[in-house]
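What follows is a short report on a single structure.
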Amino acid sequence: MRTIIEPFKIKMIEPIKMTTRQQRQAILQKAGYNPFLILAEDVLIDLLTDSGTSAMSSEQWAAMMRGDESYAGAKSFVRFESVVKSLTDLRHIIPTHQGRAAERILFSAIGGPGTVIPSNTHFDTTRANIEHSGATATDLIDPRNTDPVVKGDFKGNMDVPALERLIERVGSDRIPLVMMTITNNATGGQPVSMGNLKAVHQVCQRHGIPMFIDAARFAENAWFIKQREPGYGQCSLAEIAHEAFSLAQGVTMSCKKDALVNIGGFLALNDDDLAMKCRSALILTEGFPTYGGLAGRDLEAIAQGLVEILDEDYMHYRIRSVEFLGERLLQAGVPIFEPPGGHAIYLDARRFLPHIPPQRFPGQALMAELYIEGGVRTCEIGSVMFGRYDPDGKFVGAANELVRLAIPRRVYTQSHIEYVVEVVVGVFERREAIRGLKFEYEAPVLRHFMSTFAPE
Ligand SMILES: *Cc1c(COP(=O)(O)O)cnc(C)c1O
């Protein structure tokens with residue numbers, strides 16, 4: 001088989017500033033060993049997130065020039081609405097400035113004290129918006145699927161018997177909707193099968209509960225279904241996406257992922273009353289329902305991106321490039337969350353640095369070394385992000401100590417990925433000499449964004 005090439009060529013470039021190991025040591029120290037406090041200019045390969053970091057196509061830039069900036073009823077809204085409608089088959093299409101705005105509006109309308117919102121795994125902003133409304137957010141995932149070494153094709157699936165037990169226990173009238181996150185970002189970017197979506201849909205129907213989809217990575221999820229689920233090999237990504245959305249009564253989406261844009265989101269619904277409530281909330285904080293906090297040009301770029309993401313040559317290259325990174329690391333003996341997810345590789349810092357205990361933050365220490373070694377910026381998803389203290393003030397570590405290498409869409413080439421492999425392997429070879437970190441300043445909330453650290 002021939003090399004899978006990037007199915008695009010480069011028209012415009014952004015130079016990468018080269019730095020020395022010594023310079024990076026100083027930069028990291030100044031940033032308090034927090035990747036969010038490093039300036040982007042000081043990063044060689046930025047794998048902090050795949051959110052809003054996509055490179056747009058020439059067609060998207062051309063569409064932006066056609067942006068109609070009329071306050072109400074802009075042509076750009078009409079195009080956006082028609083693309084999202086034909087993708088989701090939902091009646092009410094409400095643009096928002098990003099995914100979390102759609103979540104806030106939705107849950108302020110149907111969440112609230114006493115209600116419970118189950119998901120395969122809620123993304124952190126979804127959980128935060130549910131809890132902000134006074135509702136309870138519940139993750140229903142088989143614990144084997146959060147184990148980094150357990151193999152599986154669809155480790156993002158919801159635990160359906162657990163959903164039935166939850167409905168039995170709290171009553172369907174207290175569950176305003178069930179949220180399916182595809183792919184499952186908080187669980188290693190793992191996909192959800194069509195069989196699982198259908199099974200959840202059936203349970204929901206039986207109990208009169210609407211099923212919603214958090215569709216941030218719906219197209220990557222469709223690719224995994226095509227590759228791994230019997231009966232879907234001959235279907236197009238568009239057909240698979242359609243079938244998934246046909247099971248949903250509503251969709252929230254962060255367009256910063258699979259719509260290949262730098263900002264934007266939407267909420268799509270069938271329920272007329274709920275849509276009316278959501279539009280009223282939208283006007284209060286986001287804007288008029290035909291722009292929802294976005295410029296007309298943003299709506300154009302989203303509409304075009306939603307078409308391009310379903311191109312199979314693109315998706316083949318995308319998923320293969322992430323998988324290649326995972327394979328190379330496994331070959332070198334580097335422990336990762338298996339199998340590789342759609343948008344990221346997660347290093348397993350617990351096995352990478354077994355001599356560093358959770359309270360000395362092995363993930364944060366590994367992130368720091370990747371930056372020093374090669375200027376690669378990553379993000380800890382472990383005890384810095386999710387660690388807490390019990391009522392006696394005793395430290396409780398996170399379930400997993402991971403470091404996420406999120407791959408921006410259409411931004412880096414194969415040689416960039418090969419460079420990342422070299423950097424990770426370079427750190428792996430000297431892993432025994434790596435020491436942990438301790439807090440210098442511990443931020444009271446969302447610690448990973450603002451805290452600073454120092455070597456122990
Ligand atoms: C990014 C993300 C969100 C939130 O979207 P923003 O555009 O960052 O507000 C919600 N759900 C999932 C699964 C995401 O990955």
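Read the figures in this text as sums done on the coordinates, not as results from a lab. Since we're looking at a predicted model, the values are computed, not measured. Positions of Cβ are backbone-derived with ideal geometry, glycine not excepted, and every protein chain shown enters the neighbour counts.
Between ALA40 and ARG388, the FRET efficiency from the beta-carbon distance, with R0 = 25 Å, is close to 0.25. Dipole magnitude for region 302-419: computed about the Cα centre from +1 point charges on Lys and Arg Cβ and -1 point charges on Asp and Glu Cβ, it is near 280 debye.
Compared with the rule-of-thumb size 2.2 N^0.38 Å for a compact globular protein, the chain has a Cα radius of gyration ratio of 0.96. Applying the Karplus relation 6.51 cos²θ - 1.76 cosθ + 1.60 with θ = phi - 60° to region 114-120 yields 3J(HN,Hα) values of x, 8, 10, 10, x, 8, 4 Hz, where x marks Gly and Pro. For region 88-98, putting each phi into the Karplus relation 6.51 cos²θ - 1.76 cosθ + 1.60 with θ = phi - 60° gives couplings of 9, 6, 9, 7, 10, 10, 10, x, 9, 6, 7 Hz, in residue order, rounded to whole numbers and with x for Gly and Pro. Evaluated on region 34-98, the Kirkwood hydrodynamic radius is 15.1 Å, with distances taken between all distinct Cα atoms.
Can you give me the relative contact order of region 58-308 as a percent, contacts being Cα pairs under 8 Å and 6 or more apart? Normalised by residue count, the contact order of region 58-308 is 31 percent. Rounded, prolate or oblate: pick one for region 372-456, where a ≥ b ≥ c are the square roots of the eigenvalues of its C-alpha gyration tensor, a/c under 1.5 means rounded, and failing that, prolate if a/b is larger than b/c, else oblate. Prolate, since a/c reaches 1.5 and a/b exceeds b/c. Label separation (MET1 vs GLU59): 2.5 nm, computed from points 7 Å beyond Cα along the C-beta direction. Arranged from fewest to most other beta-carbon atoms within 10 Å of their beta carbon, GLU380, GLU338 become GLU338, GLU380.
Looking at the square roots a ≥ b ≥ c of the eigenvalues of the Cα gyration tensor of region 58-308, which shape do they give, rounded for a/c under 1.5, prolate if a/b is larger than b/c, or oblate?
Note, shape of region 58-308 comes out oblate.
When you filter the trypsin sites (Lys or Arg not before Pro) in region 1-45 for DSSP loop state and at most 13 other Cβ atoms inside 10 Å of their Cβ, you are left with ARG2, LYS9, LYS11, LYS17. Size check on region 261-392: the Cα extents along the three principal axes, sorted descending, read 55, 51, 28 Å. Sorting ILE434, ILE13, ILE45, ILE302 from the fewest to the most surrounding beta carbons within 10 angstrom yields ILE13, ILE434, ILE45, ILE302.
Ranked by the mean number of other Cβ atoms within 10 Å per residue, highest first, peptides 137-144, 317-324 order as 317-324, 137-144. What does a probe at GLU442 reach in region 333-367, counting residues whose amide N is under 13 Å from the point 7 Å along Cα→Cβ? Inside the label zone: 359-361. Relative contact order, whole percent, for the chain stands at 23, derived from Cα pairs under 8 Å and 6 or more residues apart.
Summing charges over neighbours of VAL78, with a neighbour being any other residue whose Cβ is under 13 Å away from its Cβ, gives +1 when K and R count +1 and D and E count -1.
Here's how it looks for THR96: its modeled amide H is under 5 Å from those of GLY265, PHE266, LEU267, which are all 5 or more places away or on a different chain.
A 22 angstrom limit on the alpha carbon distance is what I want to check against. Which of LYS256/LYS438; LYS30/LYS257; LYS151/LYS257; LYS75/LYS277; LYS155/LYS226 exceed it?
Correct reply: LYS256/LYS438; LYS30/LYS257; LYS151/LYS257; LYS75/LYS277.
Residue-wise HN-Hα couplings along region 320-326, as the Karplus relation 6.51 cos²θ - 1.76 cosθ + 1.60 with θ = phi - 60° gives them from phi, are 5, 5, 5, 5, 4, 4, x Hz; Gly and Pro carry x.
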